[in-house]
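Peer 1: Can you read through this structure? Questions will come right after.
Laboratory data are not the source of any read-out in this text; all were calculated from the coordinates shown. What you are looking at is a predicted structure, and each value in this text was computed from that prediction instead of being measured. Using ideal geometry, Cβ is built from the backbone for each residue, glycine included, and neighbour counts are taken over all protein chains shown.
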Amino acid sequence: MGKACGRVVKGLHLYPIMEPSIEQFYEQPAPEILKKFQNFLKRVDKRTILKQLPIMHEAAFEKISCLECARCCKTYSPRFKMPDIKRISKVVGMKETAFIDTYLSMDSEGDYVTKQRPCPFLGNDNACSIYDHRPSDCERFPYTDEDVFFKRPAITLKNAEFCPAVHSVIVDLLAENK
Ligand code: SF4
Ligand code: SF4
């Protein structure tokens, strides 16, 4: 995840449980929607998107509860940067080296990521056990309220395949800017 999201008890976002069920958002977005989004990004004024994103982000998380989803934490790992490792190892009462040995491995890009999926800090109730201290990647994920959303379209399109919030924001942007 450049992953993560912002939930309050679990990682990522804390938003009300929504009705109807989140399951309806779990389908992957149709390929034509993603193609439309790619074309849309080529023509749209990015300042307009930047103004619209916070509204669409809020709308997405009014209907989607990360605590009902946790797909990012179950499937991908955030990067654990050194400030994250220093902070979290202290919170869990481990030396940094022990924390790294226990939970992390280095990926092909030289970033520390979790050895296992789902994330070892994800509880059975989908709550993040280190929520207040989670990696910065987790705090920012899924980037639906920041410029990464359109500056790194490849990441956004990848995230749209599993994150219902990203899917929702893409659909809303396309509808608003026909
Ligand atoms: S630390 Fe793990 S459980 Fe917590 S928000 Fe990040 S990925 Fe999810
Ligand atoms: S995949 Fe998206 S909606 Fe699901 S928990 Fe992660 S940020 Fe929240």
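Peer 1: Under a plain spin-label model, where a point goes 7 Å from the Cα along Cα-to-Cβ, how far apart in nm are D45 and K158?
Peer 2: 3.2 nm
Peer 1: Which order do C73, C119, C128 fall in if you start with the one that has the fewest other Cβ atoms within 10 Å?
Peer 2: Numbers: C73 32, C119 28, C128 25.
Ascending number of Cβ neighbours within 10 Å: C128, C119, C73.
Peer 1: Report the charge-dipole magnitude of the chain in Debye, nearest 20, computed about the Cα centre from +1 at each Lys and Arg Cβ and -1 at each Asp and Glu Cβ.
Peer 2: 500 debye
Peer 1: How high is the FRET efficiency between D125 and V91 when r is their beta carbon distance and R₀ equals 30 Å, given to the nearest 0.05?
Peer 2: So the FRET efficiency works out to roughly 0.95.
Peer 1: Hey, fewest Cβ within 10 Å first, where do D125, D137, D111, D147 land in order?
Peer 2: Details: D125 9, D137 24, D111 15, D147 12.
Sorted ascending by nearby Cβ count, the order is D125, D147, D111, D137.
Peer 1: Scanning the chain for helices, which whole DSSP H stretches are 15 Å or more long along the axis (Cα) and average 0.0 or more by Kyte-Doolittle?
Peer 2: For the chain, where a helix must reach 15 Å along its axis and average at least 0.0, the hits are 164-176.
Peer 1: Considering only Cα-Cα distances, which of the following residue pairs are longer than 23 Å: K74/K115; K36/K158; K151/K178; K42/K178; K36/K74; K46/K178?
Peer 2: Listed pairs above 23 Å: K36/K74.
Peer 1: Please name whichever of F121, S108, M94 sits farthest to the positive end of the charge dipole of the chain, dipole taken about the Cα centre and charges placed at Cβ: Lys and Arg +1, Asp and Glu -1.
Peer 2: My answer, from the dipole projection, is S108.
Peer 1: What distance in nm separates the simple spin-label points at K74 and S136, each placed 7 Å from Cα in the Cβ direction?
Peer 2: Roughly 3.0 nm, to one decimal.
Peer 1: What distance in nm separates the two pseudo spin-label positions at Q52 and K115, each 7 Å out from Cα along the beta-carbon direction?
Peer 2: 4.6 nm
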